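Accompanying notes for the structure given below.
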């Protein structure tokens, strides 16, 4: 193995772990401060900024009404007490804190031309290639500090396609969609809101058009047009964290043809609009979090796994001033394509890169913990992981650096379509390969470790400390209870979930399992 490459791998791994720990420590310091002091007094010029604090975000969620959320067959009475939903709220709170932190404010905020004020990066429309690069860097920054979904990128990517396509529609058709959207965007920025993006739908037989399905509402559809707005019915599925957002922006999922005008829809509504119902995902990881007496026994204690839901629209009213696309079937595909190229850069070239940073850092730590720094096969695997990670990063940055104004004159910059698709296709295999290599380095104990509760059990504690310490000089109890236990490498909350999460958001092509050593 090349010495320079080995040293790079070594330094990168240790750097990722240290930066991850730094982020967690900063966040915990903030939590401590806000419990003891009124944190708002430290925000100089608060009245001059649109940015709000994490506490203000949480208080704003408590003001919502008519919120119908179901999980594991029961209605969720209090989202703040639900341990799974709570992880989404904490992830969003972190994004607010990063925007206020002087050490991360430049990467997590930008100056909006609409407000002439600093706004959260997740509400800012890119106006140059440099903005696209900054967007990519922010995605990796968030992913490697959360170890799970940031939840805000689908809404941001939806904003890009809305800004681009409504401008074109207003220019070509004379419709006032763009003026509506800009007014909506300004209001969102001024109030520093969390926006969820919703595209994916159940749909019926893919060989048939929507009009030929036995159930016409398998794709979101207009039920009634009124003088004051629309009434819609249908559902969106696999929607990340919508129940913890203020607003939900809805786009069409697929191209529409003549006769399908009632399916050609884009709009934004509050997440507590009457008629909305959220039916949440539920998995063994969800059950484990509910059962855990102490969240720090879980692999990613604060931010958990990615949480999604099916969002049901049961005769939901949408005022005209919030409608950005209605019936212009020739433009539906542009909403889809422009969202896809933007979101594929995000998922394929930024957030999965951040996850891989955590995985590589954890694997390097495991290598050192086991005294295997000179094991050639492990160094080769770490090298391969670094190459896969940097290839993903390169694809994302290439997509940003080759981006262009689209359409010309709109002022909206979107990533390069080819490199956005390459980002997606590359990461679909690369992320799974990195997980497989991590499993090889971690060994069988990654999936067979006993509960951390055994370290508190007087009958088993001494055995666990002796035989699962492997004779290392590192205090094993301190290690297992520290932040160095990576959220991406603890099988009990992340392993299987992340293997699956390597796919959503950017495609699910057939996967060749050859040469996967798990």
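What the table shows:
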| item | result |
| --- | --- |
| Any hit, the stretch 297-319, residues being in the same structural domain as residue 201 (by TED's automatic domain parsing), surrounded by fewer than 19 Cβ atoms within 10 Å (Cβ to Cβ), in contact (Cβ under 8 Å) with a residue 60 or more places away in the chain and in a loop (DSSP other than H, G, I, E, B) | no |
| Residue check for residue 335: touching a strand residue (DSSP E or B) at 6+ places or on another chain (Cβ under 8 Å), at negative phi and outside any helix (DSSP H, G or I) | no |
| Residue satisfying all of: in the stretch 116-127; in a loop (DSSP other than H, G, I, E, B) and in contact with a helix residue (DSSP H, G or I) (Cβ under 9 Å, 6 or more places away or on another chain); farthest from residue 192 (Cα to Cα) among these | 126 |
| Qualifying residue in the stretch 261-272 (condition: without any contact (Cβ under 8 Å) to a residue 60 or more places away in the chain, assigned by TED's automatic domain parsing to the domain that holds residue 316 and farther than 19 Å from residue 328 by Cβ) | yes |
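Results for (1) in the same structural domain as residue 341 (by TED's automatic domain parsing); (2) touching a strand residue (DSSP E or B) at 6+ places or on another chain (Cβ under 8 Å); (3) buried (at least 17 other Cβ atoms within 10 Å of the Cβ), shown as yes or no for each residue.
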position	(1), (2), (3)
206	no, no, no
218	no, yes, no
232	no, yes, yes
235	no, yes, yes
239	no, yes, yes
245	no, yes, yes
259	no, no, no
276	no, yes, yes
284	no, no, no
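Results for (1) under 30 Å from residue 390 (Cβ atoms); (2) in contact (Cβ under 8 Å) with a residue 24 or more places away in the chain; (3) over 21 Å from the mean Cα position of the chain (by Cα); (4) not in a strand (DSSP E or B), shown as yes or no for each residue.
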| site | (1), (2), (3), (4) |
| --- | --- |
| 130 | yes, no, yes, yes |
| 142 | yes, yes, no, yes |
| 145 | yes, yes, no, yes |
| 159 | yes, yes, no, yes |
| 175 | no, yes, yes, yes |
| 187 | no, no, yes, yes |
| 190 | no, yes, yes, yes |
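The values are calculated or read from the model by the stated rules, or taken from the named source; none is laboratory data. For clarity, every value in this text was computed on a predicted model and none was experimentally measured. Positions of Cβ are generated from backbone atoms using ideal geometry, with glycine treated the same way; all protein chains shown enter the neighbour counts.
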